[in-house]
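*Asks:* Before we start, here is the structure in question, set down as structure tokens.
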Amino acid sequence: RAITSLEIGMQAPERSAVADTGKGGRILLVDDRESSYERLATILAAEHTVDVEPNPTEALFHAAEGNYDLLIVSLDLNNFDGLRLCSQARSLERTRHVPILAIAEAENSTRLLRGLEIGVNDYLLRPIDKTELLARARTQIRRRRYTDHLRDNVQNSIEMAITDALTGLHNRRYMESHLATLAEQASTRGKPLALMILDIDYFKSINDNFGHDGGDDVLREFAVRVRKSIRGIDLACRYGGEEFVIVMPETDLHVAGMVAERLRRSIAGEPFAVHKGTKRVEVTISIGLTTLEQKGEAVADVLKRADTALYRAKHDGRNRVVS
Ligand code: GH3
Ligand code: MG
Ligand code: MG
Ligand code: MG
């Protein structure tokens, strides 16, 4: 997925990434002239681990498998086209973020320009100066580590933005944005969609008897049991304090009713361990269940119907499923 500058802008650089020396990288050198690559590899080996591959097709394979920090590609290979390798490396998911340092004879400047258009990050002209080669390699490796670090941060913050920290289930915001899409898909494909709201019974007294930490233990264990009883395509989220929503695509009321009943029994049938297993507490839940009733129905209406069913489950005595 594309990373927008906005997301990157949110991330504060960390000192360690900025202070990186760029040394100790893994470099793949693609060059098929022995006199050339032997010298380059010897220079680079003073600061990095270097692999040499004279064949660009093989090189692409190694680059995709080998977790390199930098590709150094000669554009004046004897028997191959180094530019092609550069462009392939840019288009492959596994290699597109690996920086490329191109090497060429001065008279090959048109190829160098092509290389820069394709996405080569930097270049050096032959004859290659030792200090300059090392400096440029370090710069690229440092940049690579830094952008990797940013990318990880972006991924983490996306993960955090859609996940409930206590239970690891999706949060309400994610569910609400995703539910509309799931309902739309169900409508256009003519498939059923089931939704249930689950609420832990007398949770206040669990908190009263076992403390807030004990209540949190119950919520975590509850999420584990929920995950066990649903499929990969089902969406489970923590909707509020001790309220959860499960959305089940391609599931009709009958099947969803069986899932809800099985889940209800898995909660009531086995006491929950709290305070590191030193205490056990009986837990029950009430479930309000419904399905998408007609094509294009507003998700707010579906949620409202499930909530009404939940209210009836509570009113009728709790520890039950109502649809
Ligand atoms: P009912 O059977 O009617 O659902 O009774 P209840 O006690 O569960 O009622 P209610 O929904 O009013 O109470 C929910 C309680 O959950 C209130 C709140 O203090 C507690 N709670 C909300 N979020 C958390 C949380 O993150 N951790 C803990 N331990 N408690 C929470
Ligand atoms: Mg309540
Ligand atoms: Mg409750
Ligand atoms: Mg509640």
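The values are calculated or read from the model by the stated rules, or taken from the named source; none is laboratory data. Quick caveat: nothing in here was measured; it's all calculated off a predicted structure. In this analysis, Cβ positions are derived from the backbone assuming ideal geometry, glycine residues included, and neighbour counts consider all displayed protein chains.
*Asks:* If Lys295 satisfies every condition in (1) touching a strand residue (DSSP E or B) at 6+ places or on another chain (Cβ under 8 Å); (2) in contact (Cβ under 8 Å) with a residue 12 or more places away in the chain; (3) of a type in the set (Lys, Arg) but one, which is the exception?
*Replies:* The number of the failed condition is (1).
*Asks:* Would you check which residues across segment 19-48 are farther than 16 Å from Ile100 by Cα and in contact with a Lys or Arg (Cβ under 6 Å, 6 or more places away or on another chain) and list them?
*Replies:* Residues satisfying the conditions are Asp20, Ile43, Glu47.
Every residue, every condition in (1) under 16 Å from the mean Cα position of the chain (by Cα); (2) in a helix (DSSP H, G or I); (3) more than 16 Å from ligand 4 (Cβ to nearest atom), yes or no:
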position: Gln185; (1), (2), (3): no, yes, yes
position: Asn209; (1), (2), (3): no, yes, yes
position: Asp217; (1), (2), (3): no, yes, yes
position: Ala236; (1), (2), (3): no, no, yes
position: Tyr239; (1), (2), (3): no, no, no
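*Asks:* Let me spell it out: the conditions are (1) within 16 Å of ligand 2 (Cβ to nearest atom); (2) more than 16 Å from Leu179 (Cα to Cα), and Ile197 meets all of them except one. Which number is the exception?
*Replies:* (2)
*Asks:* State all residues of segment 187-207 that are within 16 Å of ligand 4 (Cβ to nearest atom), in a helix (DSSP H, G or I) and surrounded by 13 or more Cβ atoms within 10 Å (Cβ to Cβ); if no residue qualifies, say none.
*Replies:* Applying the first criterion (within 16 Å of ligand 4 (Cβ to nearest atom)) to segment 187-207 yields 196-207.
Retained after the next criterion (residues that are in a helix (DSSP H, G or I)): 203-207.
Scanning segment 187-207 gives Phe203, Ile206, Asn207.
*Asks:* While we're on this one: Go through segment 197-210 residue by residue and tally those that are more than 6 Å from ligand 1 (Cβ to nearest atom) and in contact (Cβ under 8 Å) with a residue 60 or more places away in the chain.
*Replies:* Going through segment 197-210, the residues more than 6 Å from ligand 1 (Cβ to nearest atom) turn out to be 197-198, 205-206, 208-210.
Okay, now just the ones that are also in contact (Cβ under 8 Å) with a residue 60 or more places away in the chain, so 197-198, 206, 209-210.
Total satisfying the criteria: 5.
*Asks:* Going through segment 90-107 one residue at a time, which ones are surrounded by fewer than 19 Cβ atoms within 10 Å (Cβ to Cβ) and closer than 21 Å to Asn78 by Cα?
*Replies:* Glu105, Ala106, Glu107
*Asks:* Among residues belonging to segment 282-322 that are at pLDDT 95 or above and among the acidic types (Asp, Glu), point out the one that is farthest from the chain's Cα centre (by Cα).
*Replies:* Selected residue: Asp316.
*Asks:* Follow-up. Being part of a loop (DSSP other than H, G, I, E, B) and crowded, with 17+ Cβ neighbours inside 10 Å is the filter here, so list the residues in segment 108-139 that pass it. Full working, then the answer.
*Replies:* Residues of segment 108-139 part of a loop (DSSP other than H, G, I, E, B): 119-121, 127-129.
Result: Val120, Asn121.
*Asks:* Kindly list the number of the only condition in (1) away from ligand 2 (no atom under 16 Å from the Cβ); (2) surrounded by 14 or more Cβ atoms within 10 Å (Cβ to Cβ) that fails for Val245.
*Replies:* (1)
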